[in-house]
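These notes are about the structure you will find just below.
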Amino acid sequence: MFLFFVVEIVGYRKAHLSMFDFVQKRKLIVQIIMVLASLPFLFWGIESYRNSGGNDGLASVAGEKIGRAEFEQALREQQERMRASMGKNYDPAILDTLEARLSVLENLIQQRLLQREATRVGLVVTDTQLAGIIRDIPAFGQDGKFSVKRYEALLRNQGMTPARFEERVRHELVQQQLSEAHQQSGLVTRGAVENIARLSEQQREISVTQILPETFLAQAKVDEAAIKSYYDSHLTEFQLPEQVRVEYLTLSLDELARQAVVSDDEARKYLAEHGSDFGQQEERQASHILISVAANAPEADKTAARNKAEQVLAEAKQSPQNFAALAKQYSQDPGSAAIGGDLGYFGRGMMVKAFEDAAYSMKPDEIRGPVQTDFGFHIIKLAAIRTGKQVKFEEVKNKIEQELKKQKAAKAFSEMAEGFGNLVYEQSDSLKPAADKYKLPLQQSGWVSKKAGESAFFTSPKLLQAIFSEDAIKNKRNTEAVEVMPNTLVAARVSEHRPEAMRPLDTVRAEIKSRIARQQAVEMAVSAGKEKLALLQKSDTKGASELVWSAAKPVTRRQAEGLDAAAIRAVFAADAGKLPAYAGAENPRGGYTLIRISRVTDAAQGATDEAKYKAYAQQLKQVIAQEEFSAYLAEIRKRGDVSYRKESLEKKQP
């Protein structure tokens, strides 16, 4: 935790401009670390991967193993990222394929390669840089400022130490430095950028007409043999997964908080005891001169530093008006010396204790010292006191009530959780005893498969595994109390079970017939579209006279105006030397799109405005840099002696 105290001592906010630049130029890094700070599963860090059990080697990088425990953790991280981004559309089976699992392993290999390469070339992240990055993570802030207490509490709640989290962030930053060094090196010529801009800005005026499958549905012919053949070749599509319906209980901190009751007397007492947490906290502005010496330095060095500090103290007291000049001359704090030792305003808890105690016992313009901390000896001058302001009870009543409800809920949850888990286990033939004791509603789910159910709770792999266990299905026992999300326990009991089964052909015959008819109609529409396109391109309008074209509209490669990717590619691949020109493409939704090009407008050479030029140049640089970085990764992979066992990535069935 020394990182943040260092930052406060050196007056980070006002003096360390290089750190500000570091953060501003690396907003992507800050965003990445924000993700690390908001997803609980990520708080186990690199070292926990490597020190965890079950570490049979799946891959090797220069002799260093990537074990199954590390891989499974990375897989869970990817699952959580996808669940967060996809919401209800998330399907856990997405990562069940060998290709998806191999992609996760390849990402781990790349991380290991980049880390080794960063070490080889000597890339480092200083403690000051690391502190600045973490300070900017909103999750660790309170009232717009970084909170050491919140930082420690949030990590502690996730079973994570600050040292381990900081090491994880340091790894991320070093790797980002390495990739940025290559990705920012792409060089482009103005001529190349102008050509890209001219092609991108070229307009083609088009009209379209659609050849739709619905036109051909009546011509589709589907016999019984085709239906049977389709059924036999698509059996997996008609397989009903194993499903269950369950009754379940939910014990959650959030629900307990909503039910908690807080009296006015409790709220007023809390305000009296925690008044400094509300309103304007008293703050003090001070300057300091630091004579640095390490905490573990020999006594002789400490004595010399103290003597130097006392000498400077005497000068400061003799000429207090020259304190800023003395700070510039003597202070060994690189952050504040250049600005006369000014540390700005700070509140309680923002400085190391010895420094804070001294500053908060001084009067304005008083000079005191030497004050010893782990960083050396300080001569302190108090510049000003900003008096705190207490708020009225009514102004903070709701905030206090919410805080007290959380505290009551946390206490109740910790007291109830173990008993709840024990009760559903010990009286495993029913959930009613637990429901009655803890006053929890017994809820009923819809049909749940091994992939997921409709409730967010039934996306938990651990809960699904418990529900579909032999003990739950065959022996009709309660599941254990499973933590499906932080501070939320769910215990379930299977009430109905459907084994995996095939849907009989008779029940899906109409569905199959509709599919085949649609498929035939699509093929006929595509064929008809291609025939009409061939006639149009030969300037032969026979058979195409019935086409109804849409109103003409301009399109560019960047502004497709509703055209799908295949159609816009066809527009700009067409030879527009003679107009009108015609193009066509299969519609991804079925059928065929015919396109008539009636006008071409080229952007004038060199007419690109500076803003657009910069945008195109940046995009071209990114493409070139990405190619260079990919080549660089391939080269360090060769040197990294990478190997892995593909067969070991096959998903193990429970």
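Just so you know, all these numbers are worked out from the coordinates, no wet-lab data involved. Predicted model only: the values in this text are computed from it and were never measured. Glycine gets a Cβ as well: all are built from the backbone with ideal geometry, and neighbour counts include every protein chain shown.
Quote the FRET efficiency, to the nearest 0.05, computed for residue 119 versus residue 96 with a Förster distance R0 of 41 Å and r equal to the Cβ-Cβ distance.
Here the calculated transfer efficiency is 0.70.
Pulled fully out, how much extra length does the chain show between residue 600 and residue 339, if you take 0.36 nm times their separation in residues and subtract their Cα-Cα distance?
My answer for the length gained is 87.8 nm.
What value, in deg cm²/dmol to 500, does the helix sum -39500 (n - 2.57) over DSSP H runs of n ≥ 4 give at 222 nm once divided by the residues of the chain?
It comes out at -15500 deg cm²/dmol, rounded to the nearest 500.
As a test of understanding, state the convex hull volume per residue of segment 454-602 from its alpha carbons, in Å³.
Cα convex hull per residue, to the nearest whole number: 207 Å³.
As an exercise, take the mean of 1/r over every pair of distinct alpha carbons in the chain, invert it, and state the Kirkwood radius in angstroms.
Final number for the Kirkwood radius of the chain is 32.1 Å.
Most exposed first by the Cβ proxy, i.e. fewest other Cβ within 10 Å, how do 106, 647 rank?
Result, fewest neighbours first: 647, 106.
Relative contact order of segment 280-337, please, whole-number percent, based on alpha carbon pairs below 8 angstrom and at least 6 residues apart.
46
As a quick test, which of the pairs 65/646; 145/381; 408/437; 145/399 have an alpha carbon distance above 22 angstrom in this structure?
145/381
Using a 10 Å cut-off on Cβ atoms, rank the peptides 439-450, 191-202 from the highest mean neighbour count down.
Final packing ranking: 191-202, 439-450.
Between residue 619 and residue 498, what FRET efficiency comes out of the Förster formula 1/(1 + (r/R0)^6) with R0 = 60 Å and r the beta carbon distance, rounded to 0.05?
The formula returns an efficiency of 0.70 here.
Quick check: pseudo-label points 7 Å beyond the Cα along Cα→Cβ at residue 282 and residue 240, how many nm apart are they?
Result: 7.4 nm between the two label points.
Using the Kyte-Doolittle scale, find the helices of the chain whose mean hydropathy is at least -0.5 and whose Cα atoms extend 30 Å or more along the helix's long axis, counting only whole DSSP H runs.
Going by DSSP H runs, the hits are 98-121, 505-537.
What are the semi-axes of the equivalent ellipsoid for segment 226-322, taken as the square roots of 5 times the Cα gyration tensor eigenvalues, largest first, in whole Å?
72, 33, 15
Test of understanding: what is the full-extension gain from residue 365 to residue 410, defined as 0.36 nm times their sequence separation minus their Cα-Cα distance?
11.6 nm
Under the definition of Cα pairs under 8 Å and six or more residues apart, what whole-number percent is the relative contact order of the chain?
Value for the chain: 24 percent.
Efficiency by 1/(1 + (r/R0)^6): what FRET value for residue 353 and residue 301, r their Cβ-Cβ distance, R0 = 25 Å, to the nearest 0.05?
Step by step, r from the Cβ atoms, then E = 0.65.
Per residue, what volume in Å³ does the Cα convex hull of segment 200-281 take up?
492
Can you give the Rg and Dmax of segment 105-155 based on its C-alpha atoms, in angstrom?
For segment 105-155, the Cα-based Rg and Dmax read 15.4, 41 Å.
Is there a pair in 406/462; 450/474; 149/353; 308/328; 432/476; 538/578 whose C-alpha atoms are over 18 Å apart, and which pairs would that be?
Pairs exceeding 18 Å: 406/462.
Cα to Cα, under 18 Å, and not fewer than 8 places away if on the same chain: which aspartates and glutamates meet these conditions relative to residue 638?
Leaving aside aspartates and glutamates fewer than 8 places away in the same chain, those within reach of residue 638 are 64, 106, 117, 627, 628.
Quick check: pseudo-label points 7 Å beyond the Cα along Cα→Cβ at residue 292 and residue 205, how many nm apart are they?
Output for this residue pair reads 7.0 nm.
Over all directions, how big on average is the projection of the convex hull of the alpha-carbon atoms in segment 381-437, in square nanometres?
Averaged projected hull area, Cα only: 7.7 nm².
Starting from the Kirkwood radius over alpha-carbon pairs of segment 279-366, derive D by Stokes-Einstein at 20 °C in a medium of 1.002 mPa s and give it in µm² s⁻¹.
Answer from the Stokes-Einstein relation: 152 µm²/s.
How do 119-131, 342-354 rank on mean C-beta neighbours within 10 Å, highest first?
Averaged packing, sorted descending, gives the order 342-354, 119-131.
How many nm separate the modelled label positions at residue 418 and residue 261, each set 7 Å beyond the Cα in the direction of the Cβ?
Calculated label separation equals 2.8 nm.
Determine the gain in length on full extension of the stretch residue 473-residue 85; use 0.36 nm per residue of separation and subtract their C-alpha separation, reporting nm with one decimal.
Difference between extended and current length: 136.4 nm.
Quote the Stokes-Einstein diffusion coefficient, in whole µm² s⁻¹, for segment 407-493, based on the Kirkwood radius over alpha carbon pairs, a temperature of 4 °C and a viscosity of 1.567 mPa s.
Approximately 96 µm²/s, per Stokes-Einstein.
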